[in-house]
Every structure is written in structure tokens, then in C-alpha cells.
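S.K.: Quick one: the structure is below, questions incoming.
The values are calculated or read from the model by the stated rules, or taken from the named source; none is laboratory data. If you're wondering where the values come from, they're calculated on a predicted model, not measured in any experiment. Ideal geometry is used to build each Cβ from the backbone, glycine not excepted, and the neighbour counts take in all protein chains shown. Side chains included, ligands, DNA and RNA excluded: accessible areas come from the protein's heavy atoms. Shrake-Rupley method; radii C 1.70, N 1.55, O 1.52, S 1.80 Å.
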Amino acid sequence: MGVEGTEGNVLSIQEVGEEIVHLTVATPTTPKPGQFYLLRAWQEAPLLGRPISVFDYSEGKVEFVFKVVGKGTEILAKLKVNDKLQLQGPFGNGFPEVEGKILLVGGGLGNAPLHATAKALKARGQEVDLRLGFAEKVYLEEEFNQAATITQLMVGGLVTDGLNIRDYDVVFTCGPHPMMEAVVKMAREAGIPSYVSIEKRMACGIGACLVCTCKTKSGNKKTCKDGPVFEGEEIFYEDKYQIS
Amino acid sequence: MKTSIKFLDLELKNPIIAASGTFGFGEEYAEYYDIEKLGGISYKGLTLDPRDGNEGIRVWETPAGMMNSVGLENPGVDAFASDIWPRIQDRNLISVVNVGGSTLETYLEAIRRLDHCDYDILELNISCPNVKAGGMAFGTEAKSAERITRAVRMTTQKRLMVKLSPNVGNIGEIAKACEAGGADAISLINTVQAMAIDTKSRQIVFNNTYAGLSGPAIRPIALRMVHQTAKAVKIPIVGMGGITNADEVIQFLMAGASAVQIGTAFFTNPNQIFRIPAELEMWMEKEGIRSLEEIIGIV
Ligand SMILES: Cc1cc2nc3c(=O)[nH]c(=O)nc-3n(C[C@H](O)[C@H](O)[C@H](O)COP(=O)(O)OP(=O)(O)OC[C@H]3O[C@@H](n4cnc5c(N)ncnc54)[C@H](O)[C@@H]3O)c2cc1C
Ligand SMILES: Cc1cc2nc3c(=O)[nH]c(=O)nc-3n(C[C@H](O)[C@H](O)[C@H](O)COP(=O)(O)O)c2cc1C
Ligand code: FES
């Protein structure tokens with residue numbers, strides 16, 4: 001099981017925003033929030049699968065939300081209901097289970113994994129607030145609104161503006177690096193732990209090839225296996241963090 | 001087993017070996033697959049001291065391949081010998097230990113420190129294009145290739161396989177030099193030195209400027225070089241470069257390889273690679289072949 005490139009069936013696919021696609025696939029695998037799959041809906045080329053986070057999951061199906069940015073996502077976006085695709089995964093560590101009142105701060109496509117995470121935390125009976133930034137227009141508004149205790153969806157501007165991070169026990173963040181860096185800094189000043197989910201180019205997805213190595217405070221880590229979720233302080237330390 | 005082959009004095013249950021650097025120490029793939037379906041594994045390239053590897057982007061796709069700039073990130077030979085080897089030594093697989101270095105002395109010391117591990121084949125990597133420590137300088141000239149092979153030959157009793165670079169003029173000459181230096185076998189090809197430029201930022205993609213191209217894009221080049229090497233030497237050859245299926249394995253055997261390594265294809269479709277031994281068996285039945293050795297070097 002697991003990496004056994006399970007074949008998935010497209011259950012539904014919709015464009016929910018400008019070049020933003022919501023894809024639901026039937027699969028027997030069950031992910032954890034913050035994990036990802038390598039998707040491919042083609043034979044030889046492109047060579048590599050595309051890492052996409054879990055937006056939502058329930059018995060027998062997994063949902064993704066992705067932006068069309070290149071060849072791979074273009075092919076994925078053209079899938080039709082009942083088309084088949086390969087899912088390898090779920091991979092990665094996912095967000096940790098933590099106690100207390102939790103804040104989730106997202107931006108851009110970093111919002112996708114936070115949706116699944118908020119839902120899971122809420123289902124455990126925890127208080128969880130979602131604060132998400134969208135570039136142009138909000139998409140999947142209802143889904144995001146239902147996922148958390150309080151959801152704030154913002155278009156343009158900085159999600160970190162006017163944020164009362166001291167109201168929370170833990171903060172999770174995923175999105176553009178300047179945003180994550182700012183959130184980690186605010187958490188540090190407020191004295192609360194932060195977790196970030198980062199992106200690196202990947203090949204094997206399971207920790208064997210070392211193309212996704214991420215430099216952390218405690219040495220090299222594999223983004224695909226040790227991550228993609230890390231403690232914020234492990235990644236953004238001494239202004240040394242460099243993403244590629 | 002039908003697909004088994006003799007390689008030196010060893011018996012491989014099939015000619016498929018995972019290529020160095022693409023399969024780690026086998027532990028990750030073992031979580032998901034029955035890795036003992038393979039004939040062997042060439043483990044991640046080791047160096048005397050631990051290495052953090054290259055900074056910046058490490059992988060870039062091309063239409064039929066990928067460039068990597070991992071830069072030999074590895075835990076070093078001591079950590080391998082004391083922590084990793086004890087965990088993996090009992091596998092029912094041929095174990096290949098791949099070693100790189102920057103100077104003759106670092107190679108020899110690394111090999112000495114691994115000597116008490118009871119592994120099957122030493123793969124001397126004189127062909128990594130991604131770091132100075134990768135030893136490609138040794139592998140691009142016949143004289144230096146012979147010198148390092150001879151020195152290693154005098155340092156260890158292990159079966160010695162020298163891994164060659166495609167980034168050379170006359171591969172046959174270099175292979176011959178390794179044979180003369182005492183190599184038991186040759187493996188080739190390592191990655192093809194390559195480059196990418198990001199036109200948006202007007203910058204070279206890799207911090208290390210050049211990177212190593214692997215995958216289907218390099219297969220015809222690899223096949224040609226295996227053929228040339230087979231014509232030049234008498235010692236057995238392990239061929240690799242872009243192999244993805246049973247038919248391509250057969251092509252490399254026909255060109256003169258006794259076994260093959262597969263790397264990049266694990267990133268595309270690992271299931272397909274683990275099916276190759278069974279596919280080879282079916283092919284043999286269909287062709288009425290009793291041993292794969294019948295087709296080695298027939299072209
Ligand atoms: C753990 C993880 C989770 C992700 N989750 C999502 C998600 O939920 N929704 C979403 O829209 N995007 C997500 N991404 C980014 C997504 O993987 C890339 O946008 C996608 O791979 C681009 O592929 P392409 O062929 O369209 O683009 P191209 O630019 O043609 O891709 C070329 C190569 O670069 C790689 N690549 C390009 N951009 C990225 C990137 N940002 N991160 C990693 N590799 C990249 C591709 O995988 C491919 O190998 C995630 C990335 C990671 C690492
Ligand atoms: C990510 C990656 C890491 C590699 N690391 C090593 C290494 O440590 N030592 C080595 O000898 N070759 C290394 N190689 C080269 C492969 O072993 C192989 O020679 C090459 O990739 C061609 O085969 P392929 O096209 O099947 O991948 C590496 C290749 C890749 C793609
Ligand atoms: S993608 Fe291969 S180690 Fe992470």
C-alpha cells in the first residue's frame with residue numbers, strides 16, 4: 001500500500017477561480033491534513049509527478065485545489081469526470097496534533113492544506129480560526145467558512161495586518177515565504193509555537209533522492225519525508241532561510 | 001530463477017540494480033515495495049566525510065529527463081559503516097557500495113573504512129559531475145583513471161567496479177585503462193553534464209552552474225557508450241542511463257551489458273520497475289531463451 005501508485009478516478013472537477021481548479025478523486029488511501037500526493041495524469045512526459053496538498057478528504061475520496069502554472073497542472077486541469085490518474089501517496093508528515101486554540105494563516109495556494117487541517121481540528125472539538133489571503137478573488141468561500149470556528153477571507157493586502165496572534169496557543173501557516181516568515185516572527189514575539197508548510201521541487205517524494213533537501217536550524221531535512229511541515233523556528237532562523 | 005545472471009562470481013536473481021543516488025539506502029522504497037524483487041541496489045554515493053550537498057535548486061525537469069545537482073549529500077563512510085550498514089546488510093540482494101572522493105587519498109581512506117562491511121561490490125564513482133569531490137576529473141582521462149583504479153585495487157580485496165562518465169571523448173580507452181588498472185567490472189553511464197537558464201530572472205538555475213542530466217533523454221547515448229565499452233574490454237559491464245522498461249533492459253544486454261542499473265525511472269513509475277523482472281521472464285518464454293546470458297553482447 002501507500003506509494004503503490006494507486007489509480008484514481010476523477011469524481012468531479014471544476015474551475016473555481018481564475019486558473020484555480022478543484023479536483024476530487026476516488027482513492028482508497030486516507031491522508032492526514034498537511035500531507036500531499038504526487039499526481040500524474042500522463043504517461044512518459046512530464047517525467048515527474050506533481051506534488052499537490054490535500055484540500056479535503058473523506059471515506060474513499062481526496063480533494064485537491066491547485067493553480068495552473070505549467071505543463072503538469074495544465075494537463076491535470078483538463079481532466080474530465082471518470083478520467084483516470086495516478087496518485088502516489090499520501091506523503092509527508094502533515095500538521096501535528098496540538099492542543100489549545102489554533103490559528104491558521106494562509107496565502108495563495110497555501111490555503112488549500114489549511115482547509116483540511118482546520119476541518120480536522122474542528123472535528124476534534126478544538127477552537128480553530130482560519131485567516132486566508134487571496135490574490136484577486138475568494139474561491140470555495142463556503143467550504144472555507146464551514147471549516148473553522150471563525151474564518152476571515154481577505155482579498156489583497158497583508159493577512160498579517162491587525163492579527164492578534166496573542167489570542168492563540170499555536171499558529172500554523174502555509175503560503176508565500178515572506179508571509180510565513182512574518183507569521184513566524186509574530187509568533188516568536190508572542191511566545192507561541194509556529195509550524196510552517198514549505199514547498200520544494202521533488203522527484204521521488206519518499207525521501208530517497210535528496211533533491212528536496214531543506215536546510216534547517218538542526219541540519220539538512222528532506223522536505224518530502226521530514227516535512228513539508230516544520231517548526232517555524234527550524235526554517236526561519238537568523239534570516240538565513242533560502243527557498244529555491 | 002530464469003532471469004538470474006552470473007556477474008563475476010556472484011549470482012543476481014535478475015539483472016536489475018537500483019542506481020546509486022536514486023534509491024537512498026533502500027529503506028524508503030522498502031516501506032512501500034518488496035525491494036528484494038530487484039537483483040541488487042547500488043547505495044547512495046558515499047564520501048570520506050559527511051557532505052551537506054549543493055545549495056539552491058537541485059532538480060530541474062527537461063522534456064524527457066531531469067537534471068540534478070544534489071552534490072553527493074551523504075552521511076559519510078563512518079556513519080554508513082556503523083549505523084546504516086548493520087540495518088541493511090541482511091537483504092537478499094547484491095549490495096553495491098558507491099564511493100566518491102576529491103583526492104586519491106580521500107578515496108582510499110573512505111574505501112579502507114568500509115572494508116570491514118561485508119558488501120558485494122565496490123562501485124568506484126569517478127564520474128559525478130556535480131561536485132569537485134565527485135571525482136569526475138579522475139574519470140575523464142585514461143591515465144588518471146588507470147592510476148586511481150590501480151591504487152584502489154591495491155587497497156581492497158572487494159570486487160571492483162569503476163563507474164564511468166559519459167563526459168569524455170573516447171570511452172573505450174578509459175574503460176581499457178580501468179581494466180588495465182585491475183577493475184573487475186565497469187558501470188556506465190553517470191549523468192551527462194548539462195545546464196539550465198531561467199530566462200525570467202536571467203540567471204543560471206543551478207548554484208553549481210552545471211548539473212547532471214538523467215532519464216530517457218540520455219538513453220541512446222548510454223546505449224552507444226555501453227556498446228563501445230563492450231567492444232573495448234573483456235570485463236563485464238553494468239549499463240545504465242534512462243532505462244524504464246523490460247525492452248530497454250534487453251537493448252542494454254544486447255549491446256553488451258551483463259546487468260543494468262535503473263535510477264530516474266523510479267521517480268516516474270516505481271511500480272513499473274518492480275514489474276520488469278516478471279516481464280523479462282515472459283519475454284524469455286516467448287523467445288524461447290533459457291538464460292539471459294544468451295543475448296549479452298549479441299549485436
Ligand atoms: C508539498 C507541496 C504541496 C503543494 N501543494 C499545492 C497545492 O495544494 N496547490 C497548488 O496549486 N500547488 C501546490 N504545490 C505546488 C505545485 O507542486 C506546483 O505548482 C506544480 O508542481 C507545478 O507543476 P507544473 O507542471 O504545472 O509547472 P512547471 O513549472 O512546468 O513544473 C516544472 C517542474 O517544477 C516543479 N515545480 C514547479 N513549481 C513548484 C512548486 N511551487 N513547488 C514544488 N515544485 C514545483 C514541478 O513539480 C515540475 O517538476 C505544492 C508543492 C509542494 C512541494
Ligand atoms: C538524484 C540523483 C542522484 C544521483 N547520485 C549519484 C551518486 O551519488 N553516485 C553515482 O555514482 N551516481 C549518482 N547518480 C547517477 C545515477 O546513478 C545514474 O548513473 C544516472 O542517473 C543515469 O541513470 P538513469 O537515467 O536511470 O537515472 C544520481 C542520479 C540522480 C538522478
Ligand atoms: S523528493 Fe526525493 S528525497 Fe524528497
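S.K.: Out of all the residues in the stretch A:152-178, which are within 22 Å of A:Gln35 (Cα to Cα) and open to solvent by less than 30 Å² (accessible area, probe 1.4 Å)?
M.R.: Within the stretch A:152-178, A:Val170, A:Val171, A:Phe172, A:Thr173, A:Cys174, A:Gly175 meet the criteria.
S.K.: Could you tell me whether A:Lys67 is touching a strand residue (DSSP E or B) at 6+ places or on another chain (Cβ under 9 Å), of a type in the set (Lys, Arg), within 13 Å of ligand 1 (Cβ to nearest atom) and at pLDDT 95 or above?
M.R.: Values: touching a strand residue (DSSP E or B) at 6+ places or on another chain (Cβ under 9 Å): yes; of a type in the set (Lys, Arg): yes; within 13 Å of ligand 1 (Cβ to nearest atom): yes; at pLDDT 95 or above: yes.
Judged against the criteria, A:Lys67 is a match.
S.K.: Sticking with this one: Could you please tell me which pairs satisfy a Cβ distance under 6 Å, a separation of 6+ or placement on different chains, a first residue in the stretch A:31-59 that is more than 30 Å from B:Ala217 (Cα to Cα), and a second residue that is more than 10 Å from ligand 1 (Cβ to nearest atom) and assigned to a loop (DSSP other than H, G, I, E, B)?
M.R.: These pairs meet every condition: A:Lys32/A:Gly94; A:Pro33/A:Gly94; A:Pro33/A:Phe95; A:Gly34/A:Gly94; A:Gly34/A:Phe95; A:Gln35/A:Gly94; A:Val54/A:Pro31; A:Tyr57/A:Pro31.
S.K.: Within the stretch A:176-207, which residues are part of a loop (DSSP other than H, G, I, E, B) and within 16 Å of ligand 1 (Cβ to nearest atom)?
M.R.: Once the filter is applied, which keeps residues that are part of a loop (DSSP other than H, G, I, E, B) and within 16 Å of ligand 1 (Cβ to nearest atom), the stretch A:176-207 yields A:Pro176, A:Ile198, A:Glu199, A:Lys200, A:Arg201, A:Met202, A:Ala203, A:Cys204, A:Gly205, A:Ile206, A:Gly207.
S.K.: Quick test for you: out of A:Gly100, A:Gly92, A:Gly110, pick the one residue that is surrounded by fewer than 16 Cβ atoms within 10 Å (Cβ to Cβ) and either farther than 24 Å from A:Ile20 by Cβ or out of contact with any Leu (no Cβ under 6 Å at 6 or more places or on another chain) (or both). Step through it out loud before you land on a result.
M.R.: Numbers: A:Gly92 fails: surrounded by fewer than 16 Cβ atoms within 10 Å (Cβ to Cβ); A:Gly110 fails: surrounded by fewer than 16 Cβ atoms within 10 Å (Cβ to Cβ).
Just a single option satisfies the conditions, and that option is A:Gly100.
S.K.: Tell me, please, whether a residue that is within 16 Å of ligand 3 (Cβ to nearest atom) and among the small types (Gly, Ala, Ser) can be found in the stretch B:53-64.
M.R.: The answer is yes, given that some residue of the stretch B:53-64 is within 16 Å of ligand 3 (Cβ to nearest atom) and among the small types (Gly, Ala, Ser).
S.K.: In the list B:Leu104, B:Leu114, which residue meets the criterion of being open to solvent by less than 20 Å² (accessible area, probe 1.4 Å) and either modelled with pLDDT of 90 or more or more than 10 Å from ligand 2 (Cβ to nearest atom) (or both)? Give the derivation first.
M.R.: Numbers: B:Leu104 fails: open to solvent by less than 20 Å² (accessible area, probe 1.4 Å).
Exactly one of B:Leu104, B:Leu114 is open to solvent by less than 20 Å² (accessible area, probe 1.4 Å) and either modelled with pLDDT of 90 or more or more than 10 Å from ligand 2 (Cβ to nearest atom) (or both), namely B:Leu114.
S.K.: Name the single residue, out of those in the stretch A:51-89 being surrounded by fewer than 21 Cβ atoms within 10 Å (Cβ to Cβ) and acidic (Asp, Glu), that is nearest to B:Gly263 (Cα to Cα).
M.R.: A:Glu74
S.K.: On the basis of being out of contact with any Pro (no Cβ under 8 Å at 6 or more places or on another chain) and in contact (Cβ under 8 Å) with a residue 40 or more places away in the chain, does B:Lys44 make the cut?
M.R.: Spelling it out, B:Lys44 is indeed out of contact with any Pro (no Cβ under 8 Å at 6 or more places or on another chain) and in contact (Cβ under 8 Å) with a residue 40 or more places away in the chain.
S.K.: Additional query: Among the residues of the stretch B:20-77, which ones are part of a strand (DSSP E or B), within 11 Å of chain A (Cβ to nearest Cβ) and open to solvent by less than 20 Å² (accessible area, probe 1.4 Å)?
M.R.: If the condition is that a residue be part of a strand (DSSP E or B), within 11 Å of chain A (Cβ to nearest Cβ) and open to solvent by less than 20 Å² (accessible area, probe 1.4 Å), then B:Ile41, B:Val59, B:Gly65, B:Met66, B:Met67, B:Asn74 are the ones that fit.
S.K.: Search the stretch B:273-299 for residues being open to solvent by less than 50 Å² (accessible area, probe 1.4 Å) and in contact with a Lys or Arg (Cβ under 7 Å, 6 or more places away or on another chain), and hand back the single one that is nearest to B:Ile35 (Cα to Cα).
M.R.: Checked the stretch B:273-299; the qualifying residue nearest to B:Ile35 (Cα to Cα) is B:Phe274.
S.K.: If you don't mind, another one. Among the residues of the stretch B:236-261 satisfying the criterion of being surrounded by fewer than 24 Cβ atoms within 10 Å (Cβ to Cβ) and β-branched (Val, Ile, Thr), which is nearest to ligand 1 (Cβ to nearest atom)?
M.R.: Per the stated criteria, the residue is B:Thr244.
S.K.: Scan the stretch A:26-50 for residues that are part of a strand (DSSP E or B) and surrounded by fewer than 24 Cβ atoms within 10 Å (Cβ to Cβ) and jot them down.
M.R.: Within the stretch A:26-50, A:Ala26, A:Arg40, A:Arg50 meet the criteria.
S.K.: In the set A:Val229, A:Val171, which member is aliphatic (A, V, I, L, M), under 28 Å from A:Val16 (Cα atoms), away from every other protein chain (no Cβ under 14 Å) and in contact with a Phe, Trp or Tyr (Cβ under 7 Å, 6 or more places away or on another chain)?
M.R.: A:Val229
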